1. Among the numbered criteria (1) in a loop (DSSP other than H, G, I, E, B); (2) surrounded by fewer than 19 Cβ atoms within 10 Å (Cβ to Cβ); (3) not basic (Lys, Arg), which one does A:VAL229 miss?
2. Do you know which residues across region A:99-129 are out of contact with any strand residue (DSSP E or B) (no Cβ under 9 Å at 6 or more places or on another chain) and under 15 Å from A:LEU152 (Cβ atoms)?
3. Quick test of your reading of the structure: B:TYR49 fulfils all but one of (1) more than 11 Å from chain A (Cβ to nearest Cβ); (2) over 19 Å from B:VAL16 (Cβ atoms). Name the failing condition by number.
4. Condition first: under 20 Å from C:ASN214 (Cβ atoms) and aromatic (Phe, Trp, Tyr). Now tell me which residues in region A:243-287 satisfy that.
5. Scan region A:131-151 and give yes if some residue there is closer than 18 Å to A:GLN24 by Cβ and touching a strand residue (DSSP E or B) at 6+ places or on another chain (Cβ under 8 Å), otherwise no.
6. Can you name the condition, by its number, that B:ARG219 falls short on among (1) farther than 30 Å from A:LEU324 by Cβ; (2) modelled with pLDDT of 90 or more; (3) out of contact with any Pro (no Cβ under 9 Å at 6 or more places or on another chain)?
7. Considering region B:255-270 alone, what residues qualify as being modelled with pLDDT under 95 and at the interface with chain A (Cβ under 10 Å from one of its Cβ atoms)?
Amino acid sequence: MTEPPFLFLPRECFQALLATLAGQGFHCKGPQLHDGSIVYAELAEASQLPRGVRDRQAPGEYRIETGADARCFAWANGAQGLKPYLFAPQEVLWQAERHADHTQFHETLPQARPIAFIGARACDLAALALQDAHFLQQDYVDPYYARRRENLFIVAVDCSHPAATCFCASTGDGPAASAGYDIALAELEEGYVARAGSARGQGVLEQLALDPASAAQQDSATRQHQQAVSAQTRRLPSRNLHDVLFAQLEHPRWEEVAERCLSCGNCTSVCPTCFCHHELEQPQLDGTRSDHVREWDSCFTQGHSYIHGIVVRSETKFRYRQWLTHKLGSWHEQYGRSGCVGCGRCLTWCPVGIDLTEEVAAICGDANE
Amino acid sequence: MNNPYLPWEAEVVERVQESDSIFTLRLRLTDPEARNHYRFVPGQFNMVYLYGVGEVAISIVSDPESEALLDHTIRAVGRVTHGLAKLQAGERVGIRGPFGRGWPMPLAEGRDVFIVTGGLGCAPVVGVINYVLARRTRFGRVCIVQGVKHAEDMIWRERYAEWSAHPDVQVLLAAEHGGVLWPWHVGLATELFDQAVIEPSRTIVMMCGPEGMMRAAARGLMQRGIAPEEIYLSMERNMQCGVGHCGHCQFGGSFICRNGPVYRYSEVRELLGVKGF
Amino acid sequence: MRNRPRVAIHKFSSCDGCQLAFLNLGEALLTAAELVEFVHFAEAGPVAPDEKVDIAFVEGSLSTPHELERIRQVRANSTYLVTIGACATSGGVQALRNMADAGQWVAGIYAQPQYIESLATVSPIAQHVPVDLELWGCPVTSRQIVAAIRALLFGVLPVEENDKVCLECKRRQQVCVMVSKGEPCMGPVTRTGCGALCPSFGRDCYGCFGPAENPNTTALSRRFAGLGLLPEQVAQRFLFINNAAPAFHAAGLKAREDSHD
């Protein structure tokens with residue numbers, strides 16, 4: 001396949017992109033400023049985008065700064081990316097109905113509302129590929145995830161302003177979107193350099209009848225990308241850490257991090273690749289029906305490792321070790337790569353600012369070389 | 001699309017009290033088509049659903065060729081299992097399954113079968129014992145070693161007697177704390193291995209029980225000349241989805257519900273019994 | 001349990017707010033009344049405190065000599081004893097007097113303190129009688145009450161909800177008030193069950209559901225100090241509604257010690 005042409009979407013035409021997607025039946029979800037953070041929500045108007053907004057991130061800290069410029073994607077990310085739109089934080093899997101002489105089970109698949117997700121980052125797309133591998137490409141397909149995934153349309157935006165917590169360049173997942181999108185945009189002052197990543201995406205771009213991007217615009221986008229790469233100061237070793245992590249199961253650092261760790265599960269909740277969930281029952285008071293629900297769980301809870309009266313991971317050091325050895329170690333065995341896409345969310349949204357890259361450096365010895 | 005999360009309805013055909021806290025539910029899928037399609041091998045498990053309360057993973061102990069009756073031997077220890085303990089014949093539950101990888105029964109044919117169980121969690125190998133004894137001529141010698149902490153933890157004493165009455169079946173029992181009514185070995189199960197009349201070169205081992213015990217047993221058996229790849233064991237962790245999605249049973253590079261619960265010893269030896277995994 | 005289990009709702013030292021979780025059930029209260037018989041529920045009408053019941057819901061802490069006698073009677077009269085709310089479960093806000101000279105307080109407030117019969121210390125129900133189930137919260141929610149009644153009717157105990165508030169907060173996609181605004185949120189050490197109510201209104205959790213499992217109060221205290229809280233302010237985060245819950249009590253005292261250093 002030949003390289004798709006680079007087109008130019010003037011800033012004032014962004015609304016036309018939304019309208020075209022809406023015209024094809026998509027509900028657009030996109031980034032907005034809410035409660036002091038970038039969050040993804042229903043996006044009907046381009047004016048809802050976080051214009052002039054910057055995010056300042058550090059371990060345990062997220063602050064928004066607003067400027068006067070026209071850029072709408074000049075921030076790194078918020079706590080949540082794509083994950084909640086496919087792997088729902090809470091959903092009913094099925095209902096059991098009790099009758100006098102029998103029990104009936106009804107599946108409750110989600111009503112598929114086709115979503116166009118605007119503003120996905122390269123890290124989100126890498127994470128999406130891993131969630132797909134987990135929920136769709138094993139012996140069993142998760143029909144709930146699959147239903148939402150089927151109709152998803154993705155407009156990615158290359159990351160031009162990575163946060164201090166970002167390290168996607170070192171994991172090889174960003175900052176520019178390289179796969180898994182329908183349309184990708186690189187935001188410049190005056191608008192967007194657009195490229196299609198799928199036939200669907202190409203169709204949408206054709207409908208917009210855009211001019212080709214100029215050589216200068218393409219150069220700006222390239223320069224911007226290079227700056228976004230070099231702006232990243234944190235890094236994770238790109239090699240497979242499985243063996244080194246499992247050789248360090250008794251490293252004193254596990255104890256040390258456990259003294260700081262709240263085992264609150266914020267890291268796993270914001271991690272775009274974490275997939276753990278538990279199932280629970282919500283019976284109606286009259287007893288005639290019961291909803292079987294699943295919701296996000298975390299390997300930092302007591303319930304996660306409970307078996308018949310025993311908690312396998314009673315202590316925080318075991319929970320942190322489980323998370324890190326799985327995410328950066330066993331993932332290689334299970335999914336052929338590390339489970340970390342370098343989005344930095346677990347650093348930022350950790351209430352006490354535990355820095356995964358720092359822990360890896362301490363345990364593996366050479367992470368920040 | 002086939003939904004692996006959705007249970008089938010099953011009827012409690014019979015309920016047998018095995019000991020104070022252990023009982024067996026004999027279940028039958030109510031949908032004839034589901035019943036016809038249902039196939040399992042010993043060592044696999046079902047997610048058994050108690051209406052309004054929740055699901056729990058239970059090993060299937062009945063014979064895979066028996067007439068569509070699925071026996072589940074359960075110890076009442078948590079919320080769901082305490083609730084299941086109150087069920088009576090005729091009541092309805094839900095079943096999803098069978099899940100996971102069972103025991104390598106075809107590989108065991110024609111060979112000596114060495115079964116080691118410890119503690120109370122011996123249900124996964126009971127299915128194997130029943131399976132082998134029902135097809136006695138297809139297997140070589142059978143040795144069953146069971147170890148418990150306290151003599152009173154030994155349930156099914158009659159069943160052990162029944163088993164040892166079969167030709168070439170040896171049953172060896174051990175309790176760490178015996179007492180006056182304990183006629184068998186006082187000590188560890190591994191101390192009985194020397195009494196086992198088996199030929200190491202033609203033996204396949206199947207184990208379940210506490211991980212520390214299984215690790216010690218595997219080492220003891222390897223010292224007696226049994227190759228590590230001939231040792232199989234059944235693992236246990238929190239299981240909720242049964243299909244490798246929910247993450248609770250993640251163990252090293254695998255999900256026990258999907259890649260296990262039966263493993264070759266060599267597949268799990270590194271983390272077996274390591275606290276916190 | 002018999003066909004229609006008998007239920008009593010007893011009040012001890014409390015504000016009556018937890019009983020409201022029953023009254024606030026609305027239509028579901030009618031369903032509940034069909035499933036169980038409310039034998040004693042003074043706030044709603046029926047008064048028969050000495051009847052034998054299947055389930056006794058107990059609100060409030062034990063703070064008078066008379067209450068110590070009453071709770072023994074309640075225990076003797078009931079098959080299941082369920083504490084509802086922070087007062088019954090951890091002692092409640094009134095347990096703050098355990099750290100003060102209660103006699104002096106009474107003398108300072110009442111004109112004729114000799115008429116006030118109160119114990120020097122306040123205790124949760126479980127300190128004096130065995131408790132079968134504890135529901136945390138100030139107040140408990142109707143959802144918890146429904147789950148408890150339904151589970152007991154099914155013949156099982158409800159699931160213990162002991163995860164941290166953060167998990168629920170994240171499931172609801174709330175923006176973390178500690179990370180985004182520097183608020184001293186108690187969510188990371190507090191038991192879930194409220195639906196992350198306070199953070200959903202942009203404010204910090206104040207721990208009204210009591211300690212979660214495995215709470216790292218030391219690390220959170222350190223973080224609060226980093227956010228600019230003085231040791232006494234840190235102490236007050238813990239020594240509030242669930243001040244007598246052991247994990248919070250210890251953390252509060254530790255912070256106070258630091259203020260004296």
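The values are calculated or read from the model by the stated rules, or taken from the named source; none is laboratory data. This one's a predicted model, so the numbers in the text were calculated from it and none came from an experiment. FYI the Cβ positions are ideal-geometry reconstructions off the backbone, even for glycines, and counts take in every protein chain you see.
1. Among (1) in a loop (DSSP other than H, G, I, E, B); (2) surrounded by fewer than 19 Cβ atoms within 10 Å (Cβ to Cβ); (3) not basic (Lys, Arg), the lone unmet condition for A:VAL229 is (1).
2. Listed by number, the residues that qualify are A:GLN111, A:ALA112, A:ALA127, A:ALA129.
3. (1) is the only condition that B:TYR49 fails.
4. A:TRP254
5. Looking only at region A:131-151, we keep the residues that are closer than 18 Å to A:GLN24 by Cβ, and these are A:148-151.
Next cut, touching a strand residue (DSSP E or B) at 6+ places or on another chain (Cβ under 8 Å) only: A:148, A:151.
Yes, region A:131-151 contains a residue that is closer than 18 Å to A:GLN24 by Cβ and touching a strand residue (DSSP E or B) at 6+ places or on another chain (Cβ under 8 Å).
6. Of the numbered conditions (1) farther than 30 Å from A:LEU324 by Cβ; (2) modelled with pLDDT of 90 or more; (3) out of contact with any Pro (no Cβ under 9 Å at 6 or more places or on another chain), the odd one out for B:ARG219 is (1).
7. Matches in region B:255-270: B:GLU270 only.
Per-residue answers, yes or no, for (1) over 30 Å from A:PRO175 (Cβ atoms); (2) buried (at least 23 other Cβ atoms within 10 Å of the Cβ):
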position	(1), (2)
A:SER238	no, no
A:ASP243	no, no
A:CYS274	no, yes
A:GLU279	yes, no
A:GLN282	yes, no
A:PHE300	no, yes
A:HIS304	yes, yes
